[in-house]
Amino acid sequence: EGAKLIGAGAATIALAGAAVGIGNVFSSLIHSVARNPSLAKQLFGYAILGFALTEAIALFALMMAFLILFVF
């Protein structure tokens, strides 16, 4: 039982990495729009794509933590 809790806790470490990744995506968006405001619409589309892919990694990590806790 203790090993399950340790494994689930270790699986949630990826959530911190995903949070940093999302921060980097939107930080880069702000820097890019500040440099070239005429591309704001196109850059926002790229930022949303980066956000979705980074959030997918976070959801996979959360799913693995729940699988460790409730399946095994």
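The values are calculated or read from the model by the stated rules, or taken from the named source; none is laboratory data. Every value quoted in this text rests on a predicted model; they were computed, and no experiment measured them. Heads up, the Cβs are rebuilt from the backbone with ideal geometry, glycines too, and the neighbour counts pull from every protein chain shown. Keep in mind that these areas ignore ligands, DNA and RNA; they rest on the heavy atoms of the full protein, side chains included. Shrake-Rupley method; radii C 1.70, N 1.55, O 1.52, S 1.80 Å.
Some observations on this one:
- A straight chain from GLN42 to ASN24 at 0.36 nm per residue would run longer than the Cα-Cα distance by 4.7 nm.
- In the context of the full set of protein chains, the chain has a per residue accessible area of 71 Å² (1.4 Å probe).
- Calculated mean residue ellipticity, 222 nm, the chain: -31000 deg cm²/dmol, from DSSP H runs (n ≥ 4) at -39500 (n - 2.57) each, averaged per residue and rounded to 500.
- Segment 1-71 - convex hull of the alpha-carbon atoms, volume per residue in Å³: 47
- Peptides 35-47, 19-31 ordered by packing proxy, namely the average of other Cβ atoms within 10 Å per residue, highest first: 19-31, 35-47.
- Taking the 1.4 Å solvent-accessible surface of segment 1-71 as the whole, the part contributed by carbon and sulfur is 76%.
- Inter-label distance, nm, simple model (7 Å from Cα along the C-beta direction), LEU5/ILE57: 2.9
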